[in-house]
Amino acid sequence: MKIINTPEEMQRQALEWRKSGKKIGLVPTMGFLHDGHMSLIDRARPECDILIVSIFVNPTQFGPNEDLDKYPRDFKRDCEQCEAHKVDCIFAPAPEVMYAPDHSTWVVEEKLSRPLCGKSRPIHFRGVATVVTKLFNLTQAEVAVFGRKDAQQALIIKRMVRDLNMPIEIIVAPLVRDTDLVAMSSRNRYLSESERKSAQVISRSLLSAEDELRRNGIKDIEELILKIKTAITSAGGRIDYVEALDGYNLEPLTGKSSSVLLAVAAYFGTTRLIDNVLVDF
């Protein structure tokens, strides 16, 4: 398994692979890999000849009071897991080689990035779209896999690829939950034992609401949202949002909506957790 640390070497190697007829796949991550990441890697592996996993804690998607400095990192363990899952190359650059000191160019999606996480993290998706564009350019990938836990992010990336005519296929892989049903996330390690137990209310409430949506459609959606909010606050959580939006365009639901994204962001202790269910009719 090759480990590359500079953009120049990554792009040079990727162009060589492409020139030799190899199809390149990419799984972008911020490291501290868990079974959710492994599911993305396993989904990508049969789609390509060369599989690249990027490990980069991207500073431009963190706000001034967020957890950039303490975001969990374990590069040695990440490498071991990637090798076990037959990754061909890890791209692990430092921030100073990814962004020039006078960096001033951004990729901005102006519609899907406004609701949900975009309200409380206003610069987040600008940073995501910019770094993902850079990763696509550097790795020359023809296919990339993202997880549905970050459902809004996945929609934004697909829209960006469509709108900017990027020659890459985006695959959105299923959300992966732990044995206690908490959605897998690198940030879960911040949770104390009691916070982790309390946080189970997010997924349990969402999965119960999913069952009701499949049975009854959206006619009781406001009642479902209220139930989720009440359950989270009763368990000691602090809500950022609980919203139900059209699963295709993140607009308010209408009678014509054929997909519902029911999404939650909530804090337990100081840890912000996100989760969602997607229901198609």
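When restricted to residues that are among the small types (Gly, Ala, Ser), under 22 Å from His34 (Cα atoms) and over 10 Å from the mean Cα position of the chain (by Cα), region 123-172 contains 1.
The set of residues from region 144-164 being in a helix (DSSP H, G or I) and either within 18 Å of Arg45 (Cβ to Cβ) or among the hydroxyl-bearing types (Ser, Thr, Tyr) (or both) is empty. Restricting Val260, Val264, Val277 to residues that are over 12 Å from Ser205 (Cβ atoms) and either aliphatic (A, V, I, L, M) or assigned by TED's automatic domain parsing to the domain that holds Ser208 (or both) narrows the list to Val260.
One residue is enough: does region 15-28 have a residue meeting the conditions in contact with a His (Cβ under 8 Å, 6 or more places away or on another chain), surrounded by 20 or more Cβ atoms within 10 Å (Cβ to Cβ), free of Cβ contacts under 8 Å to residues at least 60 places away in the same chain and not basic (Lys, Arg)? Looking through region 15-28, none of the residues is in contact with a His (Cβ under 8 Å, 6 or more places away or on another chain), surrounded by 20 or more Cβ atoms within 10 Å (Cβ to Cβ), free of Cβ contacts under 8 Å to residues at least 60 places away in the same chain and not basic (Lys, Arg). Within region 1-37, no residue satisfies the criterion of being among the charged types (D, E, K, R), part of a strand (DSSP E or B) and within 15 Å of Gln140 (Cα to Cα). Among the residues examined, Val172 qualifies as buried (at least 19 other Cβ atoms within 10 Å of the Cβ) and of a type outside the set (Ser, Thr, Tyr). Based on this model, can you work out whether Pro122 counts as touching a helix residue (DSSP H, G or I) at 6+ places or on another chain (Cβ under 7 Å) and either in the same structural domain as Cys48 (by TED's automatic domain parsing) or of a type in the set (S, T, N, Q) (or both)? When the stated conditions are applied, Pro122 does not pass them. Within region 96-109, one or more residues are surrounded by 14 or more Cβ atoms within 10 Å (Cβ to Cβ), over 30 Å from Asp246 (Cβ atoms) and touching a residue at least 12 places away in the same chain (Cβ under 8 Å). For region 221-241, the candidate set comprises residues that are more than 25 Å from the chain's Cα centre (by Cα) and outside any helix (DSSP H, G or I); within that set, the residue that is surrounded by the most Cβ atoms within 10 Å (Cβ to Cβ) is Ala235. Inspect all residues belonging to region 46-68 and state whether any of them is surrounded by fewer than 19 Cβ atoms within 10 Å (Cβ to Cβ), over 28 Å from Leu250 (Cβ atoms) and in the same structural domain as Arg159 (by TED's automatic domain parsing). Yes. Counting only helices (runs of 4 or more DSSP H) wholly contained in region 42-143, the ones carrying 2 or more residues that are at pLDDT 95 or above and closer than 24 Å to Leu175 by Cβ occupy 75-84, 117-120, 124-139. Figure legend. Inter-residue proximity from region 252-281: first residues assigned to a strand (DSSP E or B), second residues at pLDDT 95 or above and among the aromatic types (Phe, Trp, Tyr), beta-carbon distance below 9 Å, spacing 6+ or different chains. Indicated pairs: Ser259/Tyr248; Leu261/Tyr248; Ala263/Tyr241; Val264/Tyr241; Ala265/Tyr241; Ala266/Tyr241; Thr271/Tyr190; Leu273/Tyr267.
The values are calculated or read from the model by the stated rules, or taken from the named source; none is laboratory data. None of the values given here were measured: they were computed from a predicted structure. When we count neighbours, we look across all protein chains shown, and the Cβ atoms used for this are built from the backbone with ideal geometry, even at glycine.
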